[in-house]
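The values are calculated or read from the model by the stated rules, or taken from the named source; none is laboratory data. Keep in mind that what you see is a predicted model, and the values were worked out from it rather than measured. Every residue, glycine as well, gets a Cβ built from its backbone with ideal geometry; the counts of neighbours run over all protein chains shown.
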Amino acid sequence: TQLLEQSPQFLSIQEGENLTVYCNSSSVFSSLQWYRQEPGEGPVLLVTVVTGGEVKKLKRLTFQFGDARKDSSLHITAAQPGDTGLYLCAGERRDYGGATNKLIFGTGTLLAVQP
Amino acid sequence: DTAVSQTPKYLVTQMGNDKSIKCEQNLGHDTMYWYKQDSKKFLKIMFSYNNKELIINETVPNRFSPKSPDKAHLNLHINSLELGDSAVYFCASSSQSHRSYEQYFGPGTRLTVT
């Protein structure tokens, strides 16, 4: 069962364009993280949002956590070829009878920015 | 300095063989994980160890056996490999003392079973 759906699945844009990636779920998460993965590498953490409605900015990237803590979005302004990669959202959820937390990863968005 | 390292980077083997993947982290974290990423890039947790104790064990065939000799190492042994085991396996680590469980990933091991 896919708990975190990302859209779009694929996105190919020209350098300088803006884009938004969505991460949606019917479950509530304690926090939500965004990772970027480049070919042949492991995912690298970009940001963590914790509070419902929270907005965080990382240079040209803006992350938002939904008020109900069930969804999130990533907006990139003036995309550059260096932004190319697989973007993964991940929700933190209490599990195993509350014994531990684990991350549920989204389905991924593959972004290609053409020069 | 490599934070989370895995060996080997690539592993090609035949069905029925037994193989191991090793992982080490030098971040001083107390929790380590194994994830499997399939051909559609979906990343799913397999196991998690906290201070050498198994705390997460998802629905994984018992041919997969993790072993944590100490807090800095988590190895994955796979018996009787099958075609469906072909995937990229990622090791990760985190600190349970942090408010949010941000994870640091290794570079991955691409396993191909022929």
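Within segment A:20-27, does at least one residue satisfy the condition of being surrounded by 16 or more Cβ atoms within 10 Å (Cβ to Cβ), more than 9 Å from chain B (Cβ to nearest Cβ) and either modelled with pLDDT under 95 or not in a strand (DSSP E or B) (or both)? Yes; the residues of segment A:20-27 include at least one that is surrounded by 16 or more Cβ atoms within 10 Å (Cβ to Cβ), more than 9 Å from chain B (Cβ to nearest Cβ) and either modelled with pLDDT under 95 or not in a strand (DSSP E or B) (or both).
Within segment A:58-89, the set of residues being hydrophobic (A, V, I, L, M, F, W, C), assigned to a loop (DSSP other than H, G, I, E, B) and under 24 Å from A:Val28 (Cβ atoms) comprises just one member, A:Ala68. For segment B:28-61, taking the residues that are in contact (Cβ under 8 Å) with a residue 60 or more places away in the chain, over 13 Å from B:Leu76 (Cα atoms) and within 11 Å of another protein chain (Cβ to nearest Cβ), the one that is surrounded by the fewest Cβ atoms within 10 Å (Cβ to Cβ) is identified as B:Gln37. Are any of the residues in segment B:70-88 charged (D, E, K, R) and in a strand (DSSP E or B)? Yes, segment B:70-88 contains a residue that is charged (D, E, K, R) and in a strand (DSSP E or B). The criterion of being farther than 18 Å from B:Gln37 by Cα, crowded, with 16+ Cβ neighbours inside 10 Å, out of contact with any helix residue (DSSP H, G or I) (no Cβ under 7 Å at 6 or more places or on another chain) and within 13 Å of chain B (Cβ to nearest Cβ) holds for A:Phe65. For A:Leu46, the conditions (1) surrounded by 18 or more Cβ atoms within 10 Å (Cβ to Cβ); (2) under 12 Å from the mean Cα position of the chain (by Cα); (3) of a type in the set (A, V, I, L, M) are fulfilled apart from (1).
Taking segment B:57-114 as the range and being over 11 Å from the mean Cα position of the chain (by Cα) and of a type in the set (Lys, Arg) as the test, the residues that pass are B:Arg63, B:Lys71, B:Arg99, B:Arg110. Of the conditions (1) farther than 17 Å from B:Leu43 by Cβ; (2) loosely packed, with under 13 Cβ neighbours inside 10 Å; (3) without any contact (Cβ under 8 Å) to a residue 12 or more places away in the chain, A:Leu58 satisfies every one except a single condition; which number is it? Tallying (1) farther than 17 Å from B:Leu43 by Cβ; (2) loosely packed, with under 13 Cβ neighbours inside 10 Å; (3) without any contact (Cβ under 8 Å) to a residue 12 or more places away in the chain, A:Leu58 fails exactly one: (3).
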